[in-house]
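Heads up, the thing below is written out as C-alpha cells.
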Amino acid sequence: MPETKHSTDKRPLVLVSNDDGVWAPGIRALADSMRDMGAEVIVSAPDREQSAMGHALTVSRPLQRIEVAPGVTAWDGTPTDAVIMGVNVVLEGRTPDLVVSGINHGQNLGDDVTYSGTVSAAMEGCILGIPSVAFSLATKALDADYGPASKVAADVARWVLTHGLPPDTLLNVNIPAIPAAEIRGSKITIQGRRRYEQTVKTMEGPFNRKVYWIAGEQKVIETHDHADFNAVKDGFVSITPLHLNMTHFAALKMIVHIPTAFDK
C-alpha cells in the first residue's frame, strides 16, 4: 500500500473496476451511480473481458496502461491487476475510501465466487485494506437494465462508507434482474453451493486438430433458507459477507494431527 496522501476534497474517493472490461455497460452504470452519490470516481479496469479469471495476477510480463478518458484507465491484464495498478499507480499515493467491482453481466452466487473476476477485484481491494464490494446483475440478457442494480450499488456503498466493514471482509451483492417495483428488498445471506456436471466438448479445429471447450452444466443446487440463491430467486437483493481467511476452523477439532515421514 502506498503512503497515503491527504486531500482537501471532502468527497469519498471510490475506485471502480470489473471483469467485463472497461467498455462494459455495467461498469459505466456503477461509476455513474458512485458519482451520483457525490463520490470522486476513478476507474481502473481490464481493457477486455476477463470473466472467470478468478484472482489471477500477471507476473510473467509487464502491463500496459491505456488512458481511455479523464479518470478512466484500462490495463491489459486481469481484474486483480487493475485494482493493484489503480491503487498503486493511478491514484498516485491516495488511498480510496472504497473499492467497488461490477456491475457484472451475470450472477455470482455460490461457488461462482471462486472463479469470478468481479469478486476477485473486490477481494484484492480487501487484501489491500480497503472496504470493498462486488456487484452482479443476475442476467445474461443483452438488453440488461442496470438501473435497479445501480440504485442498489449506491445504497450499499453509502452504508459501507458510513459503517465500514469488519476486518478482512468484503461484500458480494447480487441483484435480481426484475423491474425495480418487483424487487422485494434485501437479505443478508450466506454462500450457497452449486454443483456442475463438468462437460468437455470435443470439436474439430483447423488442420484436423481437436479442440476442447469446457462447458459445465448445472445439476444440483445445495441451498437453504438463508442462501444467496434463494434470495435472488425470491426477488431479493442478496448481500453476502465473504472473509479472506478460508481456514475451516471447525475442522481443526477433527483433524488434530496427520502423521508424515518427518514426525519425530
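The values are calculated or read from the model by the stated rules, or taken from the named source; none is laboratory data. Treat the numbers as computed from the prediction; the structure is a model and nothing was measured. So basically every Cβ, Gly included, is an ideal-geometry build from the backbone, and we count neighbours across all protein chains shown. These area figures cover heavy atoms from the full protein model, side chains too; ligands, DNA and RNA do not enter into them. Shrake-Rupley method; radii C 1.70, N 1.55, O 1.52, S 1.80 Å.
Tabulated data
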item	result
Test: residue in segment 146-159 that is among the small types (Gly, Ala, Ser), outside any helix (DSSP H, G or I) and in contact with a Ser or Thr (Cβ under 8 Å, 6 or more places away or on another chain)	no
Among residues of segment 107-147, those that are under 24 Å from Ile190 (Cβ atoms) and either in contact (Cβ under 8 Å) with a residue 40 or more places away in the chain or surrounded by fewer than 20 Cβ atoms within 10 Å (Cβ to Cβ) (or both), counted	27
Count of residues meeting criterion [assigned to a loop (DSSP other than H, G, I, E, B), closer than 30 Å to Ala121 by Cβ and either touching a Ser or Thr at 6+ places or on another chain (Cβ under 6 Å) or aromatic (Phe, Trp, Tyr) (or both)] in segment 242-264	1
Some residue of segment 207-229 being within 22 Å of the chain's Cα centre (by Cα), surrounded by 12 or more Cβ atoms within 10 Å (Cβ to Cβ) and free of Cβ contacts under 8 Å to residues at least 24 places away in the same chain	yes
Inter-residue pairs, beta-carbon under 6 Å, first closer than 21 Å to Phe229 by Cβ and in contact (Cβ under 8 Å) with a residue 12 or more places away in the chain and in segment 161-180, second in a loop (DSSP other than H, G, I, E, B) and among the polar types (S, T, N, Q), 6+ apart	Asn174/Gln107; Ala177/Thr139
Candidates Thr80, Thr73 - the one that is open to solvent by less than 10 Å² (accessible area, probe 1.4 Å), farther than 27 Å from His163 by Cβ and at pLDDT 95 or above	Thr73
Test: Gly93 is in contact (Cβ under 8 Å) with a residue 24 or more places away in the chain and either crowded, with 23+ Cβ neighbours inside 10 Å or within 25 Å of Met246 (Cβ to Cβ) (or both)	no
Number of the exception - Thr58 against (1) in contact with a Leu (Cβ under 9 Å, 6 or more places away or on another chain); (2) at pLDDT below 95; (3) of a type outside the set (Gly, Ala, Ser); (4) within 26 Å of Asn108 (Cα to Cα)	(1)
Failed item in (1) surrounded by fewer than 17 Cβ atoms within 10 Å (Cβ to Cβ); (2) more than 20 Å from Ala144 (Cβ to Cβ), with Pro179 passing the rest	(2)
